[in-house]
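*Asks:* My structure is below; once you've seen it, I'll send some questions.
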Amino acid sequence: MNRRKTKYLLIATFAFMLAHLAYALPADWAVRTTILDPVGNLSCIVSWEPTRGLHIKIDSASSEKSVVVAISPDNGELHTEPKDVFPPSVQAGAQFNTDALPKHTLEHTEMVLKLREEIWALYLNNRPIAAFPAPFYPPVNVSQSQAEIPEGETDKVHFQKIADFEFQDSFFVPTNQLEQLADWDMISGSWNLHTAQDNLLTSKKGLEQERSPNFSSLKGVGTNAIIAAG
């Protein structure tokens, strides 16, 4: 084999090794928790080392599907297994914000995984670092490289369910309703509905609730007065 062929062979081998190393994943996965709810925030403490990066594995509990988020200051990757069962949009929609990663080693810092019906997002040290289309539905098992978990923190996780927030009240009440605060729960103190009409000294026609901005205001009196609705 001449020198030119040997040179090309070495270059090709080196390129293959670099590609292999780029996609090398940890083998020391440690399960941190199981998530049953489709929407919520998982928070836990991790150890961050820039040269090592962060690796989070999410396995579907009801199928063989899994995804791995691998991110470091140099690169961000989303690995899917099996590769041929995920729609192209999962990989195409993955985004990584490597500039938001901490520049120095952090022995203890918070990681948050936010699960939503359409997108999953990863935060480190209160900054968004990765987001991708939701690849499957919970229940899921969340694992991390054991080397990235501080001692004694593996199972110390917190999951907060998140639901659509809807607030309704009857603050805009008919003027002929006898009990103006019927839909409110007066916990402490004395409360009444104060209207702009109360402040009007002289008026021929009076004020119309439907045409008066900020017509009503809620007034409470007492120490630690509390009222609630919804």
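Just so you know, all these numbers are worked out from the coordinates, no wet-lab data involved. All of these numbers come straight from a predicted model, not from anything done at the bench. Counting neighbours? That spans all protein chains shown, and the Cβs are built from the backbone with ideal geometry, glycine included.
*Asks:* Evaluate the distance, in nm, between pseudo-label points positioned 7 Å from the Cα of ALA163 and of SER43 along their respective Cα→Cβ axes.
*Replies:* 2.0 nm
*Asks:* Continuing with this model, one more query. In nm, what is the difference between 0.36 nm times the number of residues separating ASP155 and ASP74 and their Cα-Cα distance?
*Replies:* So the chain would gain 26.2 nm between ASP155 and ASP74.
*Asks:* Anything over 28 Å Cα to Cα? Flag those among LYS57/LYS156; LYS65/LYS156; LYS161/LYS219; LYS57/LYS103, in the order listed.
*Replies:* Cα-Cα > 28 Å for LYS161/LYS219; rest within.
*Asks:* Give me the extension gain from ASN97 to SER188: residue separation times 0.36 nm, minus the current Cα-Cα distance, reported in nm with one decimal.
*Replies:* Net length gain for the segment: 27.9 nm.
*Asks:* Another question, if that's okay. Could you tell me which of rounded, prolate or oblate describes region 57-172, using a ≥ b ≥ c as the square roots of the eigenvalues of the alpha-carbon gyration tensor, with rounded for a/c under 1.5 and, failing that, prolate when a/b is larger than b/c and oblate otherwise?
*Replies:* Oblate, since a/c reaches 1.5 and b/c is not below a/b.
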